[in-house]
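See structure below.
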Amino acid sequence: MRKLLFSALCALSFSAVQAGGLMTNTNYHIAFDRMFARGATTEIDAAYSNPAGLAWGHEGFQLSLNFQKPWQKRDIKLGNTTYEGVASAPIVPALFAAYKKDRIALSAMIGIVGSGGFVKYDQGVPQYNVMVQSLMSSIIPQLNQLPGINIPSNYALNSEMKGKQYIYGGQLNFTYKILDCLSAAVGIRANYYDGYYRGHVIADAQNEYGQLAKLLLDVDQKGWGFTPLVSINYHKGPLTLSARYEFRTKLNPENSTNILDAGLGNGLVAKVAAVPVYGEATLVKIKEALAPQLAGATAAFQDGVCTRYDMPALLAVAAGYEFTPKLRAALEYHFFDDKNAKMANNRQEELTHGTHEILAGIEYDINEKFTISCGGQRTDYGLSDGYQQDTSFACDSYSLGLGGAWNINEKVRLNASYFCTLYSDYNKQAVFGQETYSRTNHVIGVGIDYKF
């Protein structure tokens, strides 16, 4: 029961449905989706990817509004049974703004900086089902020894969990060109965590005994965290080099618990309690045996309790090169220091290393009106069997993106993109057999840039 209840929290602690680390998104602007390596950009998306690079950006004001739509599946195979989990999000917006005058630039970005979406398990997952079955197999024989009690062993298991996890962020940057070839920027991002967990796991006899056991959960979580960041950019001729560092963000959202009810079903308790002499005594004995487990397991769900969801420190370095006035390419590296970012139950300690990402992209101007681009990304999370859970898991991946831009006129540019992520299945030898975790991810996007 302890593992069952703790899993209810982990079940909905899903990683981002977009690009980036375990808790951090990196794709906000459509230019990223169609090229990936944007760490050396000096365009409007530099407000996130390379704030120091805005020292070479457009003189005056810029605005950019972007919309993305992701889809993702998360399947678990245990034996011949496949448990399907569907994660989705509505249209995900992001807004960029920048102003540059001479050597100074000010910029801002608003978006969903971590996670971002909903997840639902209609049929439950192996861990839920097996844990409840284990609980019932130990309780039913004890109760059936009572006179007049005959609880059927073929009860129905009704399990469903759903949740939401968003980290909204608003970022401000100040950029200064120190030399004709060197600039630096400092910034701060405010992050607001908004999530909920709702669901139930019920063992139902479907007769006069009613619910044999239950877990009812309805918890909201909210919290704030702040991210200082610094960046530096070198630009000379066709070459651009950049580095950006985001400090660890402490997120410790607090529970607002609406419903938390775990234990034996009310109908079962009433039936057993009515047995003369032995009924009440047997119930007391069972409840006393369960009490320590329930107290420890439900502690994380109690009203007012805080749970860590830190966003890790991030180091990003990039190089961009303009081969011709029409052809540009970039290479980038990300390191997310996940092992030093607190997670629920100190789960980060199970990782073998932080997340490593390699990104590459190329962009070509067909003419003054149209640009095409493509890119790729490799993500290695440092996963282990101890980290992976059938209700919350990640898979190493390759991502591929493509798209284009249309310069409608000198002030307006329209961007469009598509990218998909190809995940490597993860095989884990669990207590009840080998589990195979698999995922899919697709994102389409459109955005518009405007120069004043």
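The values are calculated or read from the model by the stated rules, or taken from the named source; none is laboratory data. None of these values were measured; they are calculated from a predicted model. With ideal geometry, Cβ positions are generated from the backbone for all residues, glycine too; neighbour counts draw on all protein chains shown. Please note that ligands, DNA and RNA were not included when accessible areas were found on the heavy atoms of the full protein model with its side chains. Shrake-Rupley method; radii C 1.70, N 1.55, O 1.52, S 1.80 Å.
Average accessible surface for the chain: 42 Å² per residue, computed with a 1.4 Å probe over protein heavy atoms with every protein chain in place.
Relative contact order, percent, of the range 294-452 when contacts are C-alpha pairs under 8 Å separated by at least 6 residues?
With pairs under 8 Å counted, the relative contact order is 14 percent.
The smallest convex shape that holds all Cα atoms of the range 301-452, its convex hull, gives 165 Å³ per residue.
At 1.4 Å probe size, put L251, L414, L422 in order of accessible surface, largest to smallest.
Largest accessible area first, the residues go L422, L414, L251.
With the convex hull drawn over the C-alpha atoms of the chain, the volume per residue is 128 Å³.
Relative contact order of the chain, taken over Cα pairs closer than 8 Å and 6 or more residues apart, is 19 percent. With distances taken between every two different alpha-carbon atoms, the range 360-419 has a Kirkwood hydrodynamic radius of 14.2 Å. Could you pull out the trypsin sites (Lys or Arg not before Pro) across the range 284-321 that fall in loop regions by DSSP (anything but H, G, I, E, B) with no more than 16 other Cβ atoms inside 10 Å? Here no loop site has a sparse enough neighbourhood.
With 18 Å as the limit on Cα-Cα distance, the pairs of K100/K411; K101/K451; K100/K369 that go past it are K100/K369.
Which of the three applies to the range 177-291, rounded, prolate or oblate, going by the alpha-carbon gyration tensor with a ≥ b ≥ c and a/c under 1.5 meaning rounded?
In terms of gyration-tensor shape, prolate.
Binning the C-alpha pair distances of the range 20-69 at 10 Å intervals from 0 yields a P(r) profile of 25, 53, 20, 2 %, listed from the shortest bin outward.
For the range 228-324, calculate the relative contact order in percent as a whole number, restricting contacts to Cα pairs under 8 Å that are 6 or more residues apart. The normalised contact order for the range 228-324 reaches 48 percent.
Given +1 at the Cβ of Lys and Arg, -1 at the Cβ of Asp and Glu and no other charges, the dipole of the range 263-364 around its Cα centre is 400 debye to the nearest 20. Sorting the segments 393-400, 206-213 by their mean number of nearby beta carbons within 10 angstrom, highest to lowest, gives 393-400, 206-213. Spatially, the range 398-452 and the range 325-354 are offset by 17 Å when compared through their Cα centroids.
First select every other residue whose beta carbon is under 14 angstrom from the beta carbon of N25; then total the charges, Lys and Arg +1, Asp and Glu -1. Net charge around N25: -2. Placing pseudo-labels 7 Å out from each Cα toward the beta carbon at H353 and C306 gives an inter-label distance of 3.3 nm.
Classify the range 61-198 from the C-alpha gyration tensor, please: rounded if a/c falls under 1.5, else prolate or oblate depending on whether a/b exceeds b/c. Note, shape of the range 61-198 comes out prolate. Helix 2-11 axis versus longest C-alpha principal axis of the chain: approximately 30°, rounded to the nearest ten.
For the range 30-133, a simple Cβ point-charge model (Lys and Arg +1, Asp and Glu -1, everything else neutral) yields a dipole of about 60 debye relative to the Cα centre.
Along its three principal directions, the equivalent ellipsoid of the range 51-98 from the Cα gyration tensor extends over semi-axes of 43, 13, 5 Å, largest first.
Carbon-plus-sulfur fraction of the accessible area of the range 153-265, 1.4 Å probe, in percent? Intermediate values should be presented prior to the final figure.
Working: 2710 of 4790 Å².
Carbon and sulfur atoms account for 57 percent of the accessible area of the range 153-265.
Average projection, convex hull of the Cα set of the range 210-362: 14.3 square nanometres.
The dipole here belongs to the chain: it is taken about the Cα centre, uses +1 on the Cβ of Lys and Arg and -1 on the Cβ of Asp and Glu, and is about 480 debye.
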